[in-house]
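Structure first, then comments.
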Amino acid sequence: MLDADIKQQLSQYLQLLEGDVLIQVSASSDDAVSNDMLAFLEELAGMSPRITTEKAQLARTPSFSVNRVGEDTGIVFAGIPLGHEFTSLVLALLQVSGRAPKVEQNVIDQIKSIKGHYAFESYVSLSCHNCPDVVQALNVMSVLNPGISHTMIDGAAFKDEVESKDILAVPSVFLNGEFFGSGRMSLEEIIAKISDAPDASEFEGKEPFDVLVIGGGPAGASSAIYAARKGIRTGIVAERFGGQVMDTVGIENFISVKYTEGAKLAASLEEHVKEYNVDVMKLQRAKRLEKKDFIEVELENGAVLKSKTVILSTGARWRNVGVPGEAEFKNKGVAYCPHCDGPLFAGKHVAVIGGGNSGIEAAIDLAGIVSHVTVLEFMPELKADSVLQDRLYSLPNVTVHKNVQTKEITGTDKVNGISFIDRATGEEKHVELQGVFVQIGLVPNTDWLGDTLERTRMGEIVVDRHGATSLPGVFAAGDCTNSPYKQIIISMGSGATAALGAFDYLIRN
């Protein structure tokens, strides 16, 4: 089942196994997935003398567990972890064998200190680029704490189970049988949800920073690195590293790198920042900014950080349509990532709201999976590039409605339709369908700033060519600003500009 290139890479990884690994396999003789899984595991075990397999009866069939000999580590894969989840399997093998996970020691200590029984189940799609982060985080927790277990469930292999739980977004995580969360979650975010998150007392006594960066996306990481390289006291407050990059699949326009993926780039950003003397404060959000003797930033946990200069790089988030049903049916038919959630709608009728590049790209991708795609565009014409429009109109299972306003997303326990108004005639129409993908652009994460500094009517922070805002000592960079183009490489450049601008401000004031 594995091609020559993957087998060669896998062989190199398996040489790093530090102890023996026992794979217990629950399979039947009369279904295709079980047969494929047996062939896959036989091939895997044949590549290392440290891996052995044995038959077992697990909670799900087909599935297999990855264990130390004589010890149940609590890691189970229900289905065949190929695609994006292949790395999750490789890491599980290494970590179960005794190889330490690449996690900071304070996080390891947090995991080991968690008391109680936590049985996690994560429902994934093998095409989902967000899912491996969650799977790998939960596997690490299972390896480090005997009270924690985790089962990864391939939704395509267990369709009946997915439908019975009305799962329409991946990853969807259940804890002890109850819904726990959906979407990308970092290891630290998961830990915070089941244990005590850092409170204000952990930030007491911090000396004022020279530069404090708010946000951990490309602009924030760039700002922190450029500031730290000047030898000045630098801190960074980040809810999560990567920001919107974490929701990006393929990146082909990051100059000098032909192709990479969002999660990989985000991990590189964090790794690079940690090469410098930067005080990294994760899982934190700012809620107030005020200029006194120092610039004060209050966090949502009540802590107040002080700094001589601040760089705002809070990025942006998906824009909501703001109609009835959108919030109510989020993850119950309303989705924002066609790459992650598209396979869950195989054979169904879905709508895409938005006629820009992202919307039309989503419609094209979905048309290869679902039975029919209905595109709704507010303006009289689509805004996507002509090459994308040509491709869209060539597809037989796509209907385009232009100059229409979405009125409501309908449903009971999940989405069953969408209503819209023809802006030219005022006629209201309703289409029965099972999913709605919202693709109408971004909104800057600047609401918390209020009127403390100048923003555009869209909420973007107004900056000059040095990255300076209207509030002296406060700079901004990236997608939260009025930069005309929202691109990763432009955000990184603006982050460097803001850091240099802040340094220049420090030496002149």
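The values are calculated or read from the model by the stated rules, or taken from the named source; none is laboratory data. None of the values given here were measured: they were computed from a predicted structure. Neighbour counts are summed over all protein chains in view; Cβ atoms, including those assigned to glycine, are modelled from backbone coordinates with ideal geometry. Note: accessible area is taken over every heavy atom of the protein model, side chains too, but ligands, DNA and RNA are not part of it. Shrake-Rupley method; radii C 1.70, N 1.55, O 1.52, S 1.80 Å.
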- Task: Run down Ile311, Ile295 and say which single residue is among the hydrophobic types (A, V, I, L, M, F, W, C), closer than 19 Å to Phe241 by Cα and crowded, with 21+ Cβ neighbours inside 10 Å.
- Result: Ile311
- Can you tell me which residues in the range 5-51 are open to solvent by less than 70 Å² (accessible area, probe 1.4 Å), of a type in the set (S, T, N, Q) and under 18 Å from Ser97 (Cα atoms)? Ser11, Gln24, Ser48
- Inside the range 412-445, can you point out the residues that are at pLDDT below 95, open to solvent by less than 70 Å² (accessible area, probe 1.4 Å) and farther than 13 Å from Leu376 by Cα? Gly441, Leu442, Val443
- Tally the residues that are at pLDDT 95 or above and open to solvent by less than 20 Å² (accessible area, probe 1.4 Å), restricting the search to the range 335-354. 5
- Listed residues Glu189, Glu121, Glu161, Glu178; which is under 26 Å from Glu71 (Cα atoms) and either open to solvent by 20 Å² or more (accessible area, probe 1.4 Å) or touching a residue at least 40 places away in the same chain (Cβ under 8 Å) (or both)? Glu121
- List, please: which pairs have Cβ atoms under 7 Å, are six or more places apart or on different chains, and start with a residue in the range 296-315 that is on the phi < 0 side of the Ramachandran plot and without any contact (Cβ under 8 Å) to a residue 24 or more places away in the chain and end with one that is aliphatic (A, V, I, L, M) and open to solvent by 40 Å² or more (accessible area, probe 1.4 Å)? Glu296/Val304; Glu298/Val304
- Item | Sole residue being open to solvent by 10 Å² or more (accessible area, probe 1.4 Å), touching a residue at least 40 places away in the same chain (Cβ under 8 Å), among the aliphatic types (A, V, I, L, M) and out of contact with any Gly (no Cβ under 9 Å at 6 or more places or on another chain), chosen from Leu2, Leu58 | Leu2
- Failed condition for Glu408, given (1) farther than 30 Å from Arg288 by Cβ; (2) modelled with pLDDT of 95 or more; (3) part of a loop (DSSP other than H, G, I, E, B), with all others met? (3)
- Task: Please work out if Val213 is open to solvent by less than 20 Å² (accessible area, probe 1.4 Å), at pLDDT below 90 and under 21 Å from Ala476 (Cα atoms).
- Result: no
- Task: Determine whether the range 451-469 contains at least one residue that is open to solvent by less than 40 Å² (accessible area, probe 1.4 Å), modelled with pLDDT of 95 or more, within 30 Å of Leu168 (Cα to Cα) and among the hydrophobic types (A, V, I, L, M, F, W, C).
- Result: no
- Task: Report whether or not Glu326 is open to solvent by less than 20 Å² (accessible area, probe 1.4 Å), of a type in the set (D, E, K, R) and over 17 Å from the mean Cα position of the chain (by Cα).
- Result: yes
- Does any residue of the range 163-184 turn out to be of a type in the set (Val, Ile, Thr) and more than 20 Å from the chain's Cα centre (by Cα)? no
- Message: Looking only at residues that are under 33 Å from the mean Cα position of the chain (by Cα) and without any contact (Cβ under 8 Å) to a residue 24 or more places away in the chain in the range 24-37, which one is nearest to Leu94 (Cα to Cα)?
- Response: Asn35
